[in-house]
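Participant: Following this message is one structure expressed as C-alpha cells.
The values are calculated or read from the model by the stated rules, or taken from the named source; none is laboratory data. Just so it is clear, the model here is predicted, and its values are computed rather than measured. With ideal geometry, Cβ positions are generated from the backbone for all residues, glycine too; neighbour counts draw on all protein chains shown.
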Amino acid sequence: MSAGFIPVNPADDSGQANSRWWSENADDYLTEYGGVLGEADFIWGPEGLRERDVELLGSPSSLRGASILEIGCGAAQCSRYLATQGLNVTACDLAPGMVEAARVLNAKHSVGFPIDVADARALPYETGAFDVVFTSFGAIDFIDDLADLHREVRRVVRLGGRWVFSCSHPVKWIFADDPESFRVEHSYFDRTPYIERFEDGELEYANFHHTLADHINSLSECGFVIEECVEPEWPAGREVVWGAWGPTRSARVPGTIIISARAA
Ligand SMILES: C[S@@+](CC[C@H](N)C(=O)[O-])C[C@H]1O[C@@H](n2cnc3c(N)ncnc32)[C@H](O)[C@@H]1O
C-alpha cells in the first residue's frame, strides 16, 4: 500500500473508494470510537459538544414537525438521538456497511426511521423536502469539490431551511497526524489530498482539505448564508484521544469547525 499527500488522478473515483473503505472498516471504527459516540447520542465532534446543549439545529420546540435529514450519518447515532426526542428524521450514508450498522442499532434501540445508502452529492430525495439538513463529520472531509455537496444540499432543503455541518477545522490540516505534535508539516494553502492506494494502484481512501475561504465561498456560491460558526474548545479534563484530536494539541489548536447556514 502507498499513502501520502498525492494528487488523485482524473480516473480515481474517491466516492467509490471511500464507500468501500467505510463499509469495510465500519466495525473497527465503531469498536474504537463507538464508546465516545454513544449509540443514541448527538455530539458534534471529538470535543464532545452536545446538540442537546447548543441546539445548533434549532430548539426542540422549533424542530417539532420539521423534516430533518442527516447525511454521512455513519451508524446514525445523531439521528437516533433526535428520533428518541420524537423528531422526524431521515438518515443516509455513502457506505452500505455503515448503513447496515445503523439499522442494527435502530433494531437494538427499537427506534425506526429511514436510513438510505446515498452519496451526499446525489441525494435520492425530492427538491425542498427538508427543513434542516446536517452532518456531524460526515461527507465533508471526503469530498473534493465542496460545491458538489452544497449544491445538492441546497436542492433538498427548503428556502429558509438550515444546513449545519461539522468537519475538520481547516487549521488542523497543517499539523502532523499526531495528537501530541505541534509540528507544522503541510501548507495551509496546498489542497493536495491525503490518499492511500492498494498495491495495484487503485485508490483505497481519500481525505480532502478545504480552507476557511473554500468553505465560506462555496456555501455562498451555492445559495447559503452563514449564520453561525462554532470552534468547540477542548473541555478541561477531557482525556479522549481520537485520531489526531486529543487533550494536548486540541486544547490549544482547534480541531473542529461547525458551520450553520440558511438556504437563501
Ligand atoms: C467520521 S464518519 C461520521 C459519521 C458519524 N457522525 C460519526 O461521527 O461516526 C464519516 C462518514 O461519512 C461518510 N461519507 C464519506 N463520504 C461520503 C459521501 N460522499 N456522501 C455521504 N457520506 C459520505 C462515510 O461513509 C462515513 O460513514
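Participant: Away from the ligand (no atom under 12 Å from the Cβ), closer than 24 Å to Pro232 by Cα and assigned to a loop (DSSP other than H, G, I, E, B) - does that describe any residue in the range 162-170?
Facilitator: Scanning the range 162-170 turns up at least one residue that is away from the ligand (no atom under 12 Å from the Cβ), closer than 24 Å to Pro232 by Cα and assigned to a loop (DSSP other than H, G, I, E, B).
Participant: Looking at Glu39 and the list (1) in contact with a Leu (Cβ under 6 Å, 6 or more places away or on another chain); (2) within 11 Å of the ligand (Cβ to nearest atom); (3) not in a helix (DSSP H, G or I); (4) not aromatic (Phe, Trp, Tyr), which single condition is not satisfied?
Facilitator: In the conditions (1) in contact with a Leu (Cβ under 6 Å, 6 or more places away or on another chain); (2) within 11 Å of the ligand (Cβ to nearest atom); (3) not in a helix (DSSP H, G or I); (4) not aromatic (Phe, Trp, Tyr), Glu39 misses (2) alone.
Participant: Quick one: in the range 63-82, of everything that is surrounded by fewer than 24 Cβ atoms within 10 Å (Cβ to Cβ) and small (Gly, Ala, Ser), which residue is farthest from the chain's Cα centre (by Cα)?
Facilitator: Checked the range 63-82; the qualifying residue farthest from the chain's Cα centre (by Cα) is Gly65.
Participant: So which of Arg238, Arg252, Arg262 ends up being at pLDDT 95 or above, touching a Gly at 6+ places or on another chain (Cβ under 9 Å), closer than 28 Å to Leu56 by Cα and not in a strand (DSSP E or B)?
Facilitator: Arg238
Participant: Going by the structure shown, is Gly58 part of a loop (DSSP other than H, G, I, E, B), farther than 24 Å from Ser250 by Cα and free of Cβ contacts under 8 Å to residues at least 60 places away in the same chain?
Facilitator: Answer is no for this residue.
Participant: Still on this structure: Using the structure shown, decide if Gly48 is surrounded by fewer than 19 Cβ atoms within 10 Å (Cβ to Cβ), among the small types (Gly, Ala, Ser) and more than 15 Å from the chain's Cα centre (by Cα).
Facilitator: no
Participant: Could you grab me the full set of residues in the range 168-197 that are more than 20 Å from the chain's Cα centre (by Cα) and β-branched (Val, Ile, Thr)?
Facilitator: Answer for the range 168-197, where residues must be more than 20 Å from the chain's Cα centre (by Cα) and β-branched (Val, Ile, Thr): just Val184.
Participant: Residue check, Asp145 against (1) under 19 Å from the mean Cα position of the chain (by Cα); (2) surrounded by fewer than 23 Cβ atoms within 10 Å (Cβ to Cβ); (3) more than 17 Å from Thr211 (Cα to Cα), all met but one. Which one?
Facilitator: Going through (1) under 19 Å from the mean Cα position of the chain (by Cα); (2) surrounded by fewer than 23 Cβ atoms within 10 Å (Cβ to Cβ); (3) more than 17 Å from Thr211 (Cα to Cα) one by one, Asp145 breaks only (3).
Participant: If we only count strands (runs of 3 or more DSSP E) wholly inside the range 63-154, which ones have 2 or more residues that are within 9 Å of the ligand (Cβ to nearest atom)?
Facilitator: Counting at least 2 such residues, we get 88-93, 130-136.
Participant: For residues in the range 200-221 being of a type in the set (Asp, Glu) and modelled with pLDDT of 95 or more, which is surrounded by the fewest Cβ atoms within 10 Å (Cβ to Cβ)?
Facilitator: The qualifying residue surrounded by the fewest Cβ atoms within 10 Å (Cβ to Cβ) is Glu221.
Participant: Of all residues in the range 10-24, count the ones that are in contact (Cβ under 8 Å) with a residue 40 or more places away in the chain and either among the basic types (Lys, Arg) or in a loop (DSSP other than H, G, I, E, B) (or both).
Facilitator: Looking only at that region, the number is 3.
Participant: Now, a different point. Can you pull out the residues in the range 17-35 that are more than 9 Å from the ligand (Cβ to nearest atom) and among the hydrophobic types (A, V, I, L, M, F, W, C)?
Facilitator: The answer is Ala17, and nothing else.
Participant: Filter the range 222-247 for residues that are among the small types (Gly, Ala, Ser), farther than 23 Å from Ser14 by Cα and surrounded by fewer than 19 Cβ atoms within 10 Å (Cβ to Cβ) and give the result. Before you say what the answer is, go through the steps one by one.
Facilitator: The first filter runs over the range 222-247 and keeps only residues among the small types (Gly, Ala, Ser), leaving 223, 236-237, 243-244, 246.
Imposing the further condition that a residue be farther than 23 Å from Ser14 by Cα reduces the set to 223, 236-237, 246.
Across the range 222-247, the qualifying residues are Gly223, Ala236, Gly237.
Participant: Further question: Please work out if Ser14 is closer than 29 Å to Thr127 by Cβ, among the polar types (S, T, N, Q) and within 9 Å of the ligand (Cβ to nearest atom).
Facilitator: yes
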